[in-house]
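S.K.: Mind having a look at this structure? Questions to follow.
The values are calculated or read from the model by the stated rules, or taken from the named source; none is laboratory data. Predicted, not measured: the structure shown is a model, and the values here were computed from it. For neighbour counting, all protein chains shown are included, and Cβ atoms are generated from backbone atoms with ideal geometry for every residue, glycine included. Areas reflect the complete protein model, heavy atoms only, side chains present, ligands, DNA and RNA absent. Shrake-Rupley method; radii C 1.70, N 1.55, O 1.52, S 1.80 Å.
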Amino acid sequence: MMRVTTVTNTRELAHPAREEIRLEGILHALSDPMRMRVVRALATTEDELSCSYFVLPVTKSTTTHHFRVLRESGVIQQVYRGTAKMNGLRRADLDALFPGLLDGILDAAAREAGRLGDEA
């Protein structure tokens, strides 16, 4: 059973602690092309990006679902900054738990995008 951090404020979002992040959860989260698109964008910057930065060809509720899957699997960290929900890649946690996994997946995704002519 996965335990998530306790939420004490309605503006705080629950995230798994580092030791609770599971490989199968990460692989599931990254198996969807829309979620991979988000992760690839986050991997290109050290900054957090707001949800509104991402223009995905799905409904708003589906976009929200994708961000929730990424957050609950431990791939991203989400925090509110004012009215914006900001997203950051949990690279340090992922690299500590699974060295080379994220870089390998991002490299494979970039190669596939290049091969398919889809740089998004």
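S.K.: Taking into account only those residues within the stretch 16-41 that are open to solvent by 40 Å² or more (accessible area, probe 1.4 Å) and over 13 Å from the mean Cα position of the chain (by Cα), which is farthest from Asp107 (Cα to Cα)?
M.R.: Glu19
S.K.: In the stretch 78-101, what residues are without any contact (Cβ under 8 Å) to a residue 40 or more places away in the chain and loosely packed, with under 15 Cβ neighbours inside 10 Å?
M.R.: If the condition is that a residue be without any contact (Cβ under 8 Å) to a residue 40 or more places away in the chain and loosely packed, with under 15 Cβ neighbours inside 10 Å, then Arg81, Gly82, Thr83, Ala84, Ala92, Asp95, Pro99, Gly100 are the ones that fit.
S.K.: Taking the condition of being closer than 24 Å to Ala92 by Cα and either among the β-branched types (Val, Ile, Thr) or at pLDDT 95 or above (or both), how many residues in the stretch 51-63 meet it?
M.R.: 0
S.K.: Those residues that are in a helix (DSSP H, G or I) and closer than 16 Å to Ser31 by Cβ, I need them from the stretch 72-120; list them, please.
M.R.: Across the stretch 72-120, the qualifying residues are Glu72, Ser73, Leu94, Leu101, Leu102, Gly104, Ile105, Leu106, Ala108, Ala109, Glu112, Ala113.
S.K.: Report the residue count in the stretch 102-120 for those that are open to solvent by less than 60 Å² (accessible area, probe 1.4 Å) and closer than 19 Å to Asp32 by Cβ.
M.R.: Of the residues in the stretch 102-120, 9 are open to solvent by less than 60 Å² (accessible area, probe 1.4 Å) and closer than 19 Å to Asp32 by Cβ.
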